1. Quick test for you: out of GLY225, GLY308, pick the one residue that is over 24 Å from ALA94 (Cα atoms) and modelled with pLDDT under 95.
2. Tell me which residues, restricted to segment 284-329, are of a type in the set (D, E, K, R), within 30 Å of LEU126 (Cβ to Cβ) and open to solvent by 20 Å² or more (accessible area, probe 1.4 Å).
3. Looking only at residues in segment 134-149 that are assigned to a strand (DSSP E or B) and open to solvent by less than 10 Å² (accessible area, probe 1.4 Å), which one is nearest to SER87 (Cα to Cα)?
4. Look at ASN259 and say whether it is open to solvent by 40 Å² or more (accessible area, probe 1.4 Å), of a type in the set (S, T, N, Q) and under 30 Å from ASN360 (Cα atoms).
5. Inspect segment 334-348 for any residue being open to solvent by 70 Å² or more (accessible area, probe 1.4 Å), under 23 Å from ASN281 (Cα atoms), in contact with an Asp or Glu (Cβ under 7 Å, 6 or more places away or on another chain) and modelled with pLDDT of 80 or more and give the result as yes or no.
6. Taking only segment 151-206 into account, find how many residues are assigned to a loop (DSSP other than H, G, I, E, B) and over 30 Å from VAL240 (Cα atoms).
7. For the list (1) open to solvent by 10 Å² or more (accessible area, probe 1.4 Å); (2) touching a helix residue (DSSP H, G or I) at 6+ places or on another chain (Cβ under 6 Å), I need the number of the one condition that ARG232 fails.
8. Condition test on SER87, is it surrounded by fewer than 24 Cβ atoms within 10 Å (Cβ to Cβ) and closer than 30 Å to ALA45 by Cβ?
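The values are calculated or read from the model by the stated rules, or taken from the named source; none is laboratory data. Owing to the predicted nature of the structure, the values given are computational and were not obtained by experimental measurement. Glycine also receives a Cβ, built like all others from the backbone with ideal geometry; neighbour counts cover every protein chain displayed. Accessible surface areas use protein heavy atoms only, side chains included; no ligands, DNA or RNA. Shrake-Rupley method; radii C 1.70, N 1.55, O 1.52, S 1.80 Å.
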Amino acid sequence: MFRAPLRMSALALGLTAGLAAAQPATPTYSFTYTDATTGDNAFIAGGFRYYTIDPGADRYQNDIYERPIAQAFQLVGANYASEEYHSYVDVERARLGWDANYLYASIDLVGLEKRTKDGVNSIEGLKAKYLLRIGTDADGRNSWYFMADEPGFAGTPSTVFTNAKTEGWKDTDLDVGGRGGPIHGQPGPSGVNVTKVQNPLEEFGMNGYDAQVILSDGIFNGGAGQLVMWQRVSPADPTVVEIAIDYVSLGLTQVDLQNLRFVDFAAVAGGPAGPENGLWNDKYTGIEAGSPNLGIGTDNEFGTQGLGTIYLADNVRGTVAPICDPDFNQDGNVDQDDILALVTAIGGGPNPAGFDLDFNRDGNVDQNDVSALVDVVGGGQCP
């Protein structure tokens, strides 16, 4: 698990906001993060349509979820499957970028409909909550949480930026990532890859993103009506949500953005979406959260049936600042599987955590990056 310093001096909540910038311009994006999709996993059995989750796409251990499906799962032949899929919760790509005034985020969904076992596809629209979380600490501590709610509200999605149904919060007491560990005077480990199962104190007294910095409809809290957050449906693609944030007025700088080590995009139509929950694998045990991954018999990996409190939810996570994390596939182990995951990603396959493929930081993505990871897996130093 990678870590970054907890210091976020320029991100301090109490900084005085500057004057409001003009209406957001056309977004500019410099970073792209790809995600597994469930929409292409449909299969027919007994005349009904079912959906499975890609192996390795949903990892409770790492707080990574691929759950754009209903809670109930069942064994259909050899497949552990759901009979209901929501494409407007299925993230296939996310992007991040900024200009002199605004931070821009884009969340690209598979579609706009709900698909059921009887073969019916019904248009639902972008009616979920679409989230962006950013911070300079890799475990999410002291990070920011921005929410664009129902971009397709009232059935009339806006393709121009609007402040409607946008809000934002900040973690001021460092408990996103868990309450366990020395940072909170508690025993045991803590962090994004430490769950409530491993340390029950991870959730003890956790309040998540505790300070609301952007009130309803994009109003800066303490800014005398100043507007600092916008959302829209992309005019180029009705399945893309775009978010704009006046980061300058929030006290952020471009240096802060360049040092982001926690960048998380999510779509949530079920649970949980509230800022008070912090990281979901700290809030809920595996049994409480459920899983789309098959375990023994007809149960999931935690010995229960299907999904629990975490359902109709999908997220993808990455970084802006280079991070040397040899656990490339984020399965909790550093081994040959990480090398295989990097080779696959360089060849055009999935990038499990949205990591920079230039592992050796030489400006090229090639065999030398694989060699560098081989050295680190073998006990060498990070480049």
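1. Sole residue among the options that is over 24 Å from ALA94 (Cα atoms) and modelled with pLDDT under 95: GLY225.
2. GLU288, ARG317, listed by residue number.
3. ALA148
4. Yes: the conditions hold for ASN259.
5. Yes - at least one qualifying residue is present in segment 334-348.
6. 25
7. So the condition that ARG232 fails would be (2).
8. For SER87, the condition - surrounded by fewer than 24 Cβ atoms within 10 Å (Cβ to Cβ) and closer than 30 Å to ALA45 by Cβ - is met.
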